[in-house]
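The values are calculated or read from the model by the stated rules, or taken from the named source; none is laboratory data. Everything quoted here is computed from the prediction, not taken from an experiment. Note that each Cβ is placed from the backbone with ideal geometry, even for glycine, and that neighbours are counted across all protein chains shown. Heavy atoms of the whole protein, side chains included, go into the accessibility calculation; ligands, DNA and RNA do not. Shrake-Rupley method; radii C 1.70, N 1.55, O 1.52, S 1.80 Å.
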Amino acid sequence: MTNRFQRNGIFTGEEQQQLKHKKIAVIGCGGLGGYAIEMFARVGIGHLTVVDGDVFDETNLNRQLLCVMDTLGKPKTAIAAERVRKIDPTIQVNSVWNFIENDNVKEIIKGHDIVIDALDSNVARYLLVEACREMEIPYVYGAIAGWYGQVSVIFPGDMWVRNCLMTASAKGIESEIGNPSFSPACIASYQVSQTLKVLLDKGGVLREQILFFDMLNNEFEILEP
C-alpha cells in the first residue's frame, strides 16, 4: 500500500488492491455524481466511467462540486475526468459525453462491476434500472430533493425496489423545490459507502431496502417490502 492510502485504515491491503481492479460506472456527473466521482477517485477505485450529456451552467454552482466559474459551459464528463486525473493519474477514466438512451445504455454499462445512479431524470432511471437488471449488474440508487434523500441497492434478480422505482412519476419533486449544497454530498456519501460494501462483500448493504433521509427533522427510516 502506498502512502496515498495510509489513512484508508478500514480496508486491508488486500481490499485496497481489490478496489484498484474494480470498474464503476457513474451515470450523471452533476450533484450526486460529482461528489461520488471525487470520493471514488480518492478511495482508490482503479477504473471509472463517467457519463453525462450536459454542460455546466450557473444553476449548477449552488450544489455541484465540479461546477466553478471556470467550468461553466464545459462538458461535465470532461471536467470530471480531468478532476480524477488530478487526484490520481493512475486511474483509468472513460469519459462518455452523452445521455443514456435505449440504444446506448447497455453498451455504456457493459463490463462494469457496479453502476451508480446519479441521475435527475426518472425517465432515464427507468432505462438504467432495466439495463442493469438485464445485464445482471448491481445498481446503487440515489435521489435528492431539498432536505430529503433516498438510497438503495438493487442486486440482479431483486424486484421490490426495482418496481418502486419503475412506478415513480416521470417528474421528481426536486424539479420544484431544488437542492442545496449539502444534500448531494450526504446522499452521494451513502451511495459510495454502499458501493464499497458491495464490492468488498462487507454486509450491511441496503438490499431490497430504501433508506429515506429527512435532514430537516433529523429523521431516517428504512422501508422494506
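Could you compute the FRET efficiency for Trp97 and Asn217, with r as their C-beta to C-beta distance and R0 at 45 Å, rounded to 0.05? The partial results should precede the final answer.
On the way: r = 39 Å, r/R0 = 0.87.
Calculated value: 0.70.
So for the stretch 10-104, considering every pair of alpha-carbon atoms, how many percent are separated by more than 16 Å?
Above the 16 Å cut-off, the stretch 10-104 has 53 percent of its Cα pairs.
Dipole of the chain, Cα-centred, from +1 at each Lys and Arg C-beta and -1 at each Asp and Glu C-beta, to the nearest 20 debye?
With only Lys, Arg, Asp and Glu charged at Cβ, the dipole is about 760 debye.
Percent relative contact order of the stretch 63-208, based on C-alpha pairs within less than 8 angstrom and at least six residues apart?
Relative CO of the stretch 63-208 lands at 21 percent.
For the chain, what log10 I(q)/I(0) values come out of the Debye formula at q = 0.08, 0.11 1/Å, with one point per alpha carbon and no solvent?
For the chain at q = 0.08, 0.11 Å⁻¹, log10 I(q)/I(0) is -0.26, -0.50.
In whole angstrom, how long is each semi-axis of the equivalent ellipsoid of the stretch 1-48, when you take the square root of 5 times every eigenvalue of its Cα gyration tensor and sort them from largest down? Write out the running numbers ahead of the final one.
Values: eigenvalues 94, 27, 10 Å².
Three semi-axes, in Å: 22, 12, 7.
In terms of Cα to Cα distance under 22 Å, which lysines are near enough to Lys106, apart from those fewer than 8 places away along the same chain?
Straight-distance partners of Lys106: Lys22, Lys23, Lys76.
Go through the stretch 25-37 residue by residue and turn each phi into a ³J(HN,Hα) via Karplus (6.51, -1.76, 1.60, θ = phi - 60°); whole Hz please, and just put x for glycine and proline.
So the Karplus estimates, Gly and Pro as x, are 9, 9, 9, x, 10, x, x, 5, x, x, 5, 4, 4 Hz.
Rounded to the nearest 0.05, what FRET efficiency do Asp158 and Lys86 give with R0 = 30 Å and r taken as the Cβ-Cβ distance? Could you check? Provide the component values of the computation, followed by the final result.
Numbers: r = 36 Å, r/R0 = 1.22.
The calculated FRET efficiency here is 0.25.
Can you give the calculated 222 nm mean residue ellipticity of the chain, where each DSSP H run of n ≥ 4 adds -39,500 (n - 2.57) and the sum is split over every residue, rounded to the nearest 500 deg cm²/dmol?
Details: 8 runs with 81 residues, N = 225.
That comes out to -10500 deg cm²/dmol.
Write down the percent of antiparallel bridges among all DSSP beta bridges whose residues are both part of the chain, to the nearest 5.
50
Could you sort Trp97, Trp160, Trp147 by their accessible area in this structure, using a 1.4 Å probe and putting the largest first?
Sorted descending by solvent-accessible area, the residues read Trp97, Trp147, Trp160.
Which whole-number percentage describes the relative contact order of the stretch 60-104, with Cα contacts under 8 Å and a sequence gap of 6 or more?
Value for the stretch 60-104: 29 percent.
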